[in-house]
Amino acid sequence: MSTVRPFTASDAPAVAAVQVGNYHYDYAPLFPPGSWDGVSVEEQTADWLLWPRDHPDDVLLVAEDAGEVVGYVLARVHPYHGAEAEVMALHVRPQARGCGHGRALLSAAVSVLGAAGAGSVGLSTLEGNPIRAWYAALGGEQVAVQENDLDGWPVREVVYVWPDVEALRQALAGAEFSARSGTIQPDCP
């Protein structure tokens, strides 16, 4: 069972470990070999320790399971591809996926964004990321594909927008979607 709560400084090493682990697990296959080798847990821990001070209005939440941080979400109220808010990062440890942690994190972030006045929300993900199927199943509208160049490597990100945060909250209240299997799954027991 996932418990979602605000980030605290003591979470920085665990959040960094989730972030770096997911970069290597999810992103590395979509980039040239070695692209993520220079990203360390230590460096990211230092960044996360400063984040609340440098970005005090951001929504930064963690998901815990049995006292262990298994994921986090970072979001912000600001214009983003026609939406009023952006989910900038949503990461769950690979071994903790399919248990409702991502859904709990996204639902909590969307609730906070809505309470702050955002009526719509958007996010982007790499074109090759299988999580895209979950975003589509939740009713996300693909509104753009951003193309960037990373040292000669083409990077394509797909932008999804939910024009109504309430509709997204209702979709998140439904069944969990497994991007890996492409099916809707109930939460873990």
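Which whole-number percentage describes the relative contact order of the chain, with Cα contacts under 8 Å and a sequence gap of 6 or more? Please list the in-between numbers first.
Details: 342 pairs, mean separation 37.3, N = 189.
For the chain, the relative contact order is 20 percent.
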Discussion item. Quick check on the stretch 73-183: take the gyration tensor over C-alpha atoms, sort the square-rooted eigenvalues as a ≥ b ≥ c, and tell me if it's rounded (a/c under 1.5), prolate or oblate.
Written reply: oblate
Discussion item. With a 1.4 Å probe and all protein chains left in place, how much accessible area per residue does the stretch 51-175 have, in Å²?
Written reply: 44 Å²
Fill in: Positive-pole candidate from 17, 116, 172, dipole of the chain, charges at beta carbon
172
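How would the stretch 35-118 be classified by its alpha-carbon gyration tensor: rounded, prolate or oblate, with rounded meaning a/c under 1.5 and the a/b versus b/c comparison settling the rest?
Oblate, because a/c is 1.5 or more while a/b does not exceed b/c.
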Practice prompt. Give, rounded to the nearest 20 debye, the magnitude of the charge dipole that the chain has about its Cα centre when Lys and Arg contribute +1 at Cβ and Asp and Glu contribute -1 at Cβ.
Written response: 500 debye
Worksheet entry | the chain - Debye-derived log10 I(q)/I(0), Cα point model, q = 0.08, 0.16, 0.17, 0.19 Å⁻¹ | -0.24, -1.07, -1.23, -1.54
Worksheet item: What is the pair-distance distribution P(r) of the stretch 1-56, computed from all Cα-Cα distances in 10 Å bins starting at 0, with each bin given as a whole percent?
Response: 23, 42, 29, 6
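Averaging sequence separations of C-alpha pairs under 8 Å and six or more residues apart, then dividing by the length of the stretch 1-79, give the relative contact order as a whole percent.
On the way: 85 pairs, mean separation 32.3, N = 79.
Rounded, it is 41 percent for the stretch 1-79.
Which of the peptides 113-123, 43-53 is most tightly packed, and how do the rest follow, judged by the mean count of other Cβ atoms within 10 Å per residue? Mind showing how you got there, number by number?
Numbers: 113-123: 18.5, 43-53: 14.9.
Ranked by mean Cβ neighbours within 10 Å, highest first: 113-123, 43-53.
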Worksheet item: Tell me, how many Å apart are the Cα centres for the stretch 136-174 and for the stretch 113-131?
Response: 6 Å
Worksheet item: Of the heavy-atom accessible surface of the chain (probe 1.4 angstrom), what whole percent is carbon and sulfur?
Response: 55 percent
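The values are calculated or read from the model by the stated rules, or taken from the named source; none is laboratory data. Computed from a prediction, not measured in an experiment: that's the story for all the values here. Cβ: placed from backbone, ideal geometry, glycine included. Neighbour counts: every protein chain shown. Note: areas computed on protein heavy atoms with side chains; ligands, DNA, RNA excluded. Shrake-Rupley method; radii C 1.70, N 1.55, O 1.52, S 1.80 Å.
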